[in-house]
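Participant: Before I ask anything, let me first share the structure, which is written out below as structure tokens.
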Amino acid sequence: MKRNRSKGARLERTVLGVAWYSRAEWERLRAAVPDPDRFEATYEEWESMATATLAQLEAAGVTLQRVPIEAEEFLAWCRAGERAPDASARAHFSAEKLRQRHLDE
């Protein structure tokens with residue numbers, strides 16, 4: 001059975017938020033997290049890897065938005081939610097910030 005779409009219906013693309021750090025925030029966060037091994041050894045290595053990964057995903061058709069992360073805000077969010085500031089929390093925090101950004105628009 002074919003579904004009819006109303007003329008006003010619009011397709012929405014899924015947008016994925018990617019945590020993005022300044023050098024100072026990256027260094028602060030790397031020093032504070034329980035999984036610093038999930039970060040590259042230097043900010044330059046991380047930035048190079050992250051930029052290349054984003055380019056690959058975008059070339060594959062994935063819509064991405066960089067989400068600037070401030071270490072203190074993220075760590076406070078973790079404390080408030082009684083979460084470890086690990087990779088999973090960083091992903092959830094980035095998604096929440098992106099969702100909030102779109103709600104504010």
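The values are calculated or read from the model by the stated rules, or taken from the named source; none is laboratory data. Worth saying up front: this structure is predicted, and the values here are computed from it rather than measured. Cβ: placed from backbone, ideal geometry, glycine included. Neighbour counts: every protein chain shown.
Participant: Select from the stretch 24-43 the residues that are surrounded by fewer than 11 Cβ atoms within 10 Å (Cβ to Cβ) and farther than 24 Å from A76 by Cα and list them in ascending order.
Facilitator: A41
Participant: Going by the structure shown, is E105 loosely packed, with under 11 Cβ neighbours inside 10 Å and at pLDDT 95 or above?
Facilitator: So E105 fails the test.
Participant: Looking for something touching a Ser or Thr at 6+ places or on another chain (Cβ under 6 Å) and at pLDDT below 90 - is there at least one such residue anywhere in the stretch 31-53?
Facilitator: No, the conditions are met nowhere in the stretch 31-53.
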